[in-house]
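Student: Before I ask anything, let me first share the structure, which is written out below as structure tokens.
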Amino acid sequence: MSWGTDLWDQFENLDKHTQWGIDFLERYAKFVKERLEIEQVYAKQLRGLVKKYCPKRSKDDEPRFTSCISFYSILNELNDYAGQREVVAEEMGHKVYGELMRYSQDLKAERKHHLQEGRKTQQYLDQCWKHMDNSKKKFERECKEAEKSQMIYERLDNDINATKSEVEKAKSQLYLRQHMAEESKNEYAAQLQNFNAEQWKHFNVAIPQIFKNLQDMDERRTVKLGETYRSFAEVERRVIPIVSKCLEGMVTAAKNVDERRDSGIVVESFKSGFEPPVDFPFEDFSQNIQRTGSDGTIGTPKTEGGKPDPKPAISRTKNKLWLFGKKPKAPTLEDLSHLPPEQRRKKLQQRIDELNKELQKEMDQRDALNKMKDVYEKNPQMGDPGSLQPKISETICNMEKLRSEIHKNESWLAEVEGKHGSRGERRPSADVNHHAPHGRESPEGSYTDDHSQEHRSPPQPDPHEFDDEFDDDDPLPAIGHCKALYSFDGSNEGTLVMNENEVLYVIEEDKGDGWTRVRKHSGVEGYVPTSYVEITLEKNSKGAVTYI
């Protein structure tokens with residue numbers, strides 16, 4: 001089927017159709033543009049979502065739980081997936097939308113050229129028809145004038161009253177009109193022949209060729225649309241393997257979630273190393289009540305002579321802390337003594353490992369500098385050996401500092417490992433809130449306006465040691481005295497209330513847990529924070545020592 005043959009008389013409709021084809025192509029290009037903008041926005045929102053839920057973390061904040069690690073793996077895969085959406089948008093913009101817009105401009109120029117050729121051909125045919133029509137009308141006029149002249153001549157020739165001159169004049173006019181009619185006839189015949197030739201050429205050569213060019217252009221437009229449709233799909237298809245890998249990565253991350261391992265990490269993170277508390281002993285307050293021999297109630301043996309012990313039992317609960325208290329946030333100390341033994345041991349070991357790595361780096365740097373120095377000494381033209389000496393000295397100094405730090409932390413580690421073995425039966429600590437005076441310097445040496453100062457809870461001896469200590473008839477002797485630097489509310493069991501500047505007796509030194517056992521003048525005993533008091537020990541005990 002050919003437009004030039006079948007649509008020879010549909011120039012206007014073909015004009016409209018080709019314009020519609022270009023409009024449709026541009027409409028599809030607009031669709032692709034909006035589609036790639038959706039991809040761009042989608043990718044941007046995905047990246048924003050990943051950034052929101054995967055912020056920058058320090059080394060200490062690195063996730064350890066498999067559920068967290070898997071979640072961050074899924075976020076990474078989602079970030080890669082967002083990158084593939086960006087690739088889709090970029091490819092659509094370059095290979096589909098950009099190509100369509102360039103092709104649309106070419107189509108417009110080509111269509112304009114073909115239509116102009118068609119209009120020029122039509123205008124030339126119209127001119128030929130106009131010339132033919134004018135010659136035809138002229139021939140018609142001349143024939144009518146000749147007929148009119150002939151009628152006048154015949155009338156005068158038959159009129160007996162007409163003069164000879166009038167007859168001759170009419171005859172001469174007749175000849176003139178007939179000659180003019182003949183010339184008009186010849187001109188009309190020539191114009192008609194020319195018009196018919198141009199019309200045949202127009203409808204059989206020029207217009208079919210122009211319409212064929214328009215048909216080819218429209219078919220190429222259709223082919224281009226089909227190619228861009230495939231390109232549109234191929235852009236998506238090319239990223240499918242990578243998207244599939246991203247999804248497989250998410251599935252793998254989900255499979256890596258291990259509830260047993262997470263539970264073990266919880267134990268490892270929070271295990272204190274303390275032993276569970278033992279049973280509380282029974283405290284009999286009925287010793288002063290006389291019972292008959294037949295009384296079968298629970299009692300305590302009477303003292304010698306049948307009289308009850310005149311010395312009342314000392315309350316043991318005062319020096320014990322309940323297990324499930326709110327654990328206060330202790331201040332961070334260099335030796336990590338604010339941590340439970342197990343956690344302290346792990347932190348110290350971690351710190352020692354990191355220091356050893358830094359030491360190894362410094363040693364490697366020292367060896368490299370020494371080798372470079374040897375090379376410079378053997379080949380002076382390569383450099384001055386003396387220029388490396390400051391750097392070598394600095395490296396050796398850093399190594400000594402690191403060794404000192406390692407030795408210090410190893411001593412702390414040995415201390416905590418020894419204490420953990422010997423004092424494993426101490427009860428876990430509970431929270432203790434202390435109140436320092438407003439606007440004063442805290443025991444750690446930093447100025448604070450906070451009224452609450454948090455410390456470790458007082459130590460708890462094992463039950464047998466406790467019973468031996470308080471069942472003794474004589475109280476513990478004082479080994480020194482102390483002065484309260486700050487007020488302390490002693491709101492928890494085992495602690496003692498004290499006021500600022502109050503003087504107390506020291507009956508037991510701090511065993512490394514931050515608490516000192518003291519006694520008031522009234523005989524009430526308990527634990528107070530070591531950092532809250534200024535201690536002076538007696539010379540005959542362990543020497544005069546002052547703690548602030």
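Student: State whether the residues of region 139-148 include one that is under 30 Å from Phe211 (Cβ atoms) and open to solvent by less than 50 Å² (accessible area, probe 1.4 Å).
Tutor: no
Student: Out of all the residues in region 259-280, is one or more closer than 30 Å to Arg85 by Cα, open to solvent by less than 70 Å² (accessible area, probe 1.4 Å), at pLDDT 80 or above and among the aliphatic types (A, V, I, L, M)?
Tutor: Within region 259-280, not a single residue is closer than 30 Å to Arg85 by Cα, open to solvent by less than 70 Å² (accessible area, probe 1.4 Å), at pLDDT 80 or above and among the aliphatic types (A, V, I, L, M).
Student: Here's a follow-up. Looking at Tyr28, is it open to solvent by 80 Å² or more (accessible area, probe 1.4 Å) and among the aromatic types (Phe, Trp, Tyr)?
Tutor: Here the answer is no, as Tyr28 does not meet what is asked.
A quick yes/no check of all residues on (1) of a type in the set (D, E, K, R); (2) assigned to a helix (DSSP H, G or I); (3) at pLDDT 85 or above; (4) open to solvent by 80 Å² or more (accessible area, probe 1.4 Å):
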{"position": "Pro328", "(1), (2), (3), (4)": "no, no, no, no"}
{"position": "Arg345", "(1), (2), (3), (4)": "yes, yes, no, no"}
{"position": "Gln381", "(1), (2), (3), (4)": "no, yes, no, yes"}
{"position": "Gln389", "(1), (2), (3), (4)": "no, yes, yes, no"}
{"position": "Glu394", "(1), (2), (3), (4)": "yes, yes, yes, yes"}
{"position": "Gly424", "(1), (2), (3), (4)": "no, no, no, no"}
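Student: Within region 222-249, take every residue that is out of contact with any helix residue (DSSP H, G or I) (no Cβ under 7 Å at 6 or more places or on another chain) and among the charged types (D, E, K, R) and give me the one that is surrounded by the fewest Cβ atoms within 10 Å (Cβ to Cβ).
Tutor: My answer is Arg237.
Student: State the number of residues belonging to region 93-124 that are over 16 Å from Glu26 (Cβ atoms) and either open to solvent by less than 80 Å² (accessible area, probe 1.4 Å) or not in a helix (DSSP H, G or I) (or both).
Tutor: Count: 6.
Student: Let me ask something additional. Quick one: would you say Asn501 is modelled with pLDDT of 85 or more and part of a loop (DSSP other than H, G, I, E, B)?
Tutor: For Asn501, the condition - modelled with pLDDT of 85 or more and part of a loop (DSSP other than H, G, I, E, B) - is met.
Student: While we're here: Do you know which of the residues in region 149-161 that are of a type in the set (A, V, I, L, M, F, W, C) and open to solvent by 80 Å² or more (accessible area, probe 1.4 Å) is nearest to the chain's Cα centre (by Cα)?
Tutor: Met151
Student: For His420, only one of the following conditions fails: (1) at pLDDT 65 or above; (2) under 19 Å from Leu348 (Cα atoms); (3) in contact with a helix residue (DSSP H, G or I) (Cβ under 9 Å, 6 or more places away or on another chain). What is its number?
Tutor: Failed condition: (1).
Student: Do we have Gln127 as modelled with pLDDT of 95 or more and either open to solvent by 60 Å² or more (accessible area, probe 1.4 Å) or within 24 Å of Lys224 (Cα to Cα) (or both) here?
Tutor: Considered against the rule, which asks whether it is modelled with pLDDT of 95 or more and either open to solvent by 60 Å² or more (accessible area, probe 1.4 Å) or within 24 Å of Lys224 (Cα to Cα) (or both), Gln127 comes out as no.
Student: Of all residues in region 351-363, which are charged (D, E, K, R) and open to solvent by less than 80 Å² (accessible area, probe 1.4 Å)?
Tutor: Selection gives Arg351, Asp353, Glu354, Glu362.
Student: Next up: Search region 227-258 for residues being acidic (Asp, Glu) and under 26 Å from Phe65 (Cα atoms), and hand back the single one that is modelled with the lowest pLDDT.
Tutor: Step by step, filter region 227-258, then rank; the result is Asp258.
Student: If you don't mind, another one. From the list Ser172, Ser165, Ser135, which one is assigned to a helix (DSSP H, G or I), hydroxyl-bearing (Ser, Thr, Tyr) and buried (at least 17 other Cβ atoms within 10 Å of the Cβ)?
Tutor: Within the list Ser172, Ser165, Ser135, the selection yields Ser135.
Table: residues versus (1) open to solvent by 70 Å² or more (accessible area, probe 1.4 Å); (2) modelled with pLDDT under 90; (3) over 30 Å from Gly118 (Cα atoms); (4) touching a His at 6+ places or on another chain (Cβ under 7 Å).
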position	(1), (2), (3), (4)
Lys16	yes, no, no, no
Leu46	no, no, yes, no
Cys54	no, yes, yes, no
Pro63	no, yes, yes, no
Ile74	no, no, yes, no
Gly83	no, no, yes, no
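Student: Could you list, in sequence order, the residues of region 493-513 that are surrounded by fewer than 22 Cβ atoms within 10 Å (Cβ to Cβ), closer than 26 Å to Leu336 by Cβ and not acidic (Asp, Glu)?
Tutor: Residues satisfying the conditions are Lys511, Gly512.
Student: Are any residues in region 179-221 open to solvent by 80 Å² or more (accessible area, probe 1.4 Å) and among the aliphatic types (A, V, I, L, M), and if so, which ones?
Tutor: none
Student: Can you tell me how many residues in region 139-162 are in a helix (DSSP H, G or I) and of a type in the set (Val, Ile, Thr)?
Tutor: The qualifying residues number 1.
Student: What pairs come out if I take residues in region 48-69 that are in contact (Cβ under 8 Å) with a residue 40 or more places away in the chain and part of a loop (DSSP other than H, G, I, E, B) and pair them with residues that are open to solvent by 100 Å² or more (accessible area, probe 1.4 Å) and of a type in the set (Gly, Ala, Ser) whose C-beta lies under 6 Å away, six or more apart or interchain?
Tutor: Note: no pairs meet the criteria.
Student: Please list, ordered by first then second residue, the pairs with beta carbon atoms under 8 Å, 6 or more apart or interchain, first in region 359-388 and closer than 20 Å to Met399 by Cα and in contact (Cβ under 8 Å) with a residue 12 or more places away in the chain, second open to solvent by 60 Å² or more (accessible area, probe 1.4 Å) and part of a helix (DSSP H, G or I).
Tutor: The qualifying pairs are Leu359/Arg403; Arg366/Ile396; Leu369/Lys391; Lys373/Gln389; Leu388/Met372.
Student: Quick test for you: out of Asn213, Asn194, pick the one residue that is in a helix (DSSP H, G or I), closer than 30 Å to Arg102 by Cβ, of a type outside the set (Asp, Glu) and touching a residue at least 40 places away in the same chain (Cβ under 8 Å).
Tutor: Result: Asn213 is the single residue among Asn213, Asn194 that is in a helix (DSSP H, G or I), closer than 30 Å to Arg102 by Cβ, of a type outside the set (Asp, Glu) and touching a residue at least 40 places away in the same chain (Cβ under 8 Å).
The values are calculated or read from the model by the stated rules, or taken from the named source; none is laboratory data. Note that the structure is predicted; figures quoted are calculated from it, not measured. Here Cβ is always computed from backbone atoms with ideal geometry, including for glycine, and neighbour counts include all displayed protein chains. These accessible areas exclude ligands, DNA and RNA; they are computed on the full protein's heavy atoms, side chains included. Shrake-Rupley method; radii C 1.70, N 1.55, O 1.52, S 1.80 Å.
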